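Below is one structure, written out as C-alpha cells; comments come after it.
The values are calculated or read from the model by the stated rules, or taken from the named source; none is laboratory data. Bear in mind that the values here come from a model prediction, so they are computed numbers and not experimental data. Cβ atoms come from the backbone with ideal geometry, glycine included; neighbour counts cover every protein chain shown. Keep in mind that these areas ignore ligands, DNA and RNA; they rest on the heavy atoms of the full protein, side chains included. Shrake-Rupley method; radii C 1.70, N 1.55, O 1.52, S 1.80 Å.
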Amino acid sequence: MKNTTWLLAIILFGIQFAEAQGPPITADKPIMLGGGSFTVKTLTEIRHTERGDFTYVPIMLHYLPTSNSLVAVHLPYINYDIKNGPSGSSLADIKIMGKYQFFRKDGTGKTFRMVAKTLQTLPTGKDLDVMDLSTGKYAGYYGIVAGYESLKYGISNELGYNWMPDGTMDALMHKIGFGLPLLKPQYPNKQVNLYFEYTNAWLVERDWYQLLYAQGIQYAQKNVTFDFAVQVPIVNDIEAGRKLKYSLFLGSRYSF
C-alpha cells in the first residue's frame, strides 16, 4: 500500500502540472525530429551504491524513418567494482528501442504529443544483477510517453512496465521531468535548460521501491547538446546493502 500511494501521488502531481518542458536528461520525451534524421548520443552514468560502484557508458544511435517513428540501438560498456565480489569491465546489455507517435496537437508556440515505446534488452552483459545496466537476462519494456512543450515551460510523463521472464526484475516504472529554459528563444538555437526529474521504480517480485530525484542542467547550441545531472534517492525501500547512494550523469548528443 505504501508503494502504491507514492506512485499515485507522483502521477497525480504530473497531471496537475501538465503545462510545463523537455527534452529531459534521465527521462524520455515524445518530441521527434524530422523524418530521415539521425542522432548520435551518450549518457554516461556513474552509479554509487552500498553494493559497489558502476560506470555505464552507452553509445546510442537513433534514426527516424518518418517524423512519427523512431528506432534506436544502444551499445553499452560497463566498468564495475563490487564489494566482496568481482570487478572489471565488459559489454553490458545491448538495447533496441522503438517509438511511434500516435497523437499530436499543436498550437501557437506549444505542442502536446504522445508516443508508444518499447525497449528490448538483450542478454549480452554479465549477470551483475544491476537494474537497467547489466543483468545478463532478456527484458521487454512497454510504455506510453506524453509530453507538453511551450516556449516557456515543458513536461514529459512516462508510464510503463518492464517484463523480465527469466528473472525477478519485473518493474512498474513512472518518470516525470520538468524543464525550464533560462534564455529567451533565439535563432540559431542557443539555450541553457534546467531539469527537475523524478523516477519511480517498483520491483513487484522483490517488493522493492525507489523514488529518485535528478537535478540537471543542459547546454544546447544548434544541433549539439551537453547534459549534466545528479540523481539521489528520496525513497530507498530496497534490500539493505543494495541501496543507491547517488548517480552522476554526463551526456552529449549530435543530430543531423
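Does the stretch 168-190 hold any residues that are in a loop (DSSP other than H, G, I, E, B), among the hydrophobic types (A, V, I, L, M, F, W, C) and surrounded by 13 or more Cβ atoms within 10 Å (Cβ to Cβ), and which are they?
Met169 - this is the single residue of the stretch 168-190 that is in a loop (DSSP other than H, G, I, E, B), among the hydrophobic types (A, V, I, L, M, F, W, C) and surrounded by 13 or more Cβ atoms within 10 Å (Cβ to Cβ).
Can you pull out the residues in the stretch 205-227 that are in contact with a helix residue (DSSP H, G or I) (Cβ under 9 Å, 6 or more places away or on another chain) and open to solvent by 60 Å² or more (accessible area, probe 1.4 Å)?
Asp207
Please verify whether Asn193 is assigned to a strand (DSSP E or B), polar (S, T, N, Q) and open to solvent by less than 10 Å² (accessible area, probe 1.4 Å), treating the condition exactly as stated.
Criteria not met by Asn193.
Give me the pairs: first residue in the stretch 153-166 and more than 8 Å from Phe178 (Cβ to Cβ), second residue among the hydroxyl-bearing types (Ser, Thr, Tyr) and open to solvent by less than 40 Å² (accessible area, probe 1.4 Å), beta-carbon distance under 6 Å, and six or more apart or on different chains, which are they?
Filtered contacts from the stretch 153-166: Gly160/Tyr141; Asn162/Tyr141.
Looking for whichever is at pLDDT 90 or above, of a type outside the set (Phe, Trp, Tyr), surrounded by 18 or more Cβ atoms within 10 Å (Cβ to Cβ) and more than 28 Å from Leu194 (Cβ to Cβ) here; the options are Asp81, Asp28, Asp93. Which one fits?
Checking each option against the conditions leaves just Asp93.
State whether one or more residues within the stretch 2-22 are modelled with pLDDT of 90 or more and exposed (fewer than 15 other Cβ atoms within 10 Å of the Cβ).
no
Assess whether Thr26 counts as being of a type in the set (S, T, N, Q), over 17 Å from the mean Cα position of the chain (by Cα) and in a loop (DSSP other than H, G, I, E, B).
no
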